[in-house]
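Only one structure is covered here, and it is reproduced in the block below.
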Amino acid sequence: MKNINICPSILSANFACLMDDVVRLEKAGVDILHVDVMDGHFVPNISFGVPVLNSLSDACNMFMDVHLMITNPIKYVKSFVDAGADSITFHVECDDDVDACIKYIHDLNCRCGIAIKPATDIDFILPYTSIVDMILVMTVEPGFGGQAFMPDMLQKVRKIRNFNSDIDIQVDGGINCETARYAVDAGANFLVAGSAIFRAKNFEKAVKSLKEANIS
Ligand code: DX5
Ligand code: ZN
């Protein structure tokens, strides 16, 4: 079985003391930060952008897993890579040419993922599994943290895993100890968690119980 990676989404952090939360995560043994970028156009919410990533990547050594929920990713990927992105995931539903965007991200020596919204047909994405590093299956409608996991999305995870045994599969939205187990059983190996970690008093315990939820 693949190693399970927990990716805390800083969307659920307290932005007034973001670095304190990041330091607590590092102390809890987390080495990936999931950075949710929203433009208020692709999704009905605005989060943060390049300057915040820049400050974070200067201040810590974590792997920056950037999730772009924006209409025109090509225009911004270089700025995010320059600001410290180690991986960039963009949506197939964006307005840009998907193949050109993948190539551009790889040309910048960055890992590339593509994401699908709940309503998007999975067959559309299968051909990309041979050229990208990761597929992100949204398990909620993108835009907000704290929503309920959509169990119907598990069949997408299963289909991708059956189609390609090597690709990294990330799930994002409504992940807690119970849904983490379903996602891993279906074949996911990167679990994004916002509320499940940031609502917990003890980050170390929260991360540990998400990891342990995967031991069936
Ligand atoms: C939703 C974001 C998620 C979100 C996850 O659009 O992509 O990363 O913050 O938050 P929870 O774990 O609370 O659903
Ligand atoms: Zn996300």
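The residues of segment 30-84 that are surrounded by 20 or more Cβ atoms within 10 Å (Cβ to Cβ), charged (D, E, K, R) and farther than 17 Å from Phe144 by Cβ amount to a single one, Asp65.
Count of segment 57-70 residues, restricted to those that are within 16 Å of ligand 2 (Cβ to nearest atom), touching a residue at least 40 places away in the same chain (Cβ under 8 Å) and either among the hydrophobic types (A, V, I, L, M, F, W, C) or in contact with a Pro (Cβ under 6 Å, 6 or more places away or on another chain) (or both), is 2. Would you call Phe198 within 14 Å of ligand 2 (Cβ to nearest atom) and not hydroxyl-bearing (Ser, Thr, Tyr)? Yes. Every condition in (1) at pLDDT 95 or above; (2) more than 12 Å from ligand 1 (Cβ to nearest atom); (3) surrounded by fewer than 18 Cβ atoms within 10 Å (Cβ to Cβ); (4) not β-branched (Val, Ile, Thr) holds for Asn3 except the one numbered (1).
When segment 11-37 is filtered for residues that are closer than 23 Å to Gly143 by Cβ and touching an Asp or Glu at 6+ places or on another chain (Cβ under 7 Å), the ones remaining, listed by number, are Leu11, Ala13, Asn14, Ile32, Leu33, His34, Val35.
Among the residues making up segment 145-168, those that are within 14 Å of ligand 2 (Cβ to nearest atom) and surrounded by 16 or more Cβ atoms within 10 Å (Cβ to Cβ) are Gly145, Phe149, Met153. Among the candidates Val140, Val184, Val132, Val157, the residue that is more than 13 Å from ligand 1 (Cβ to nearest atom) and assigned to a loop (DSSP other than H, G, I, E, B) is uniquely Val132.
The values are calculated or read from the model by the stated rules, or taken from the named source; none is laboratory data. Model, not experiment: these values are computed from the prediction. Virtual Cβ from ideal backbone geometry, glycine too; neighbours counted across all protein chains shown.
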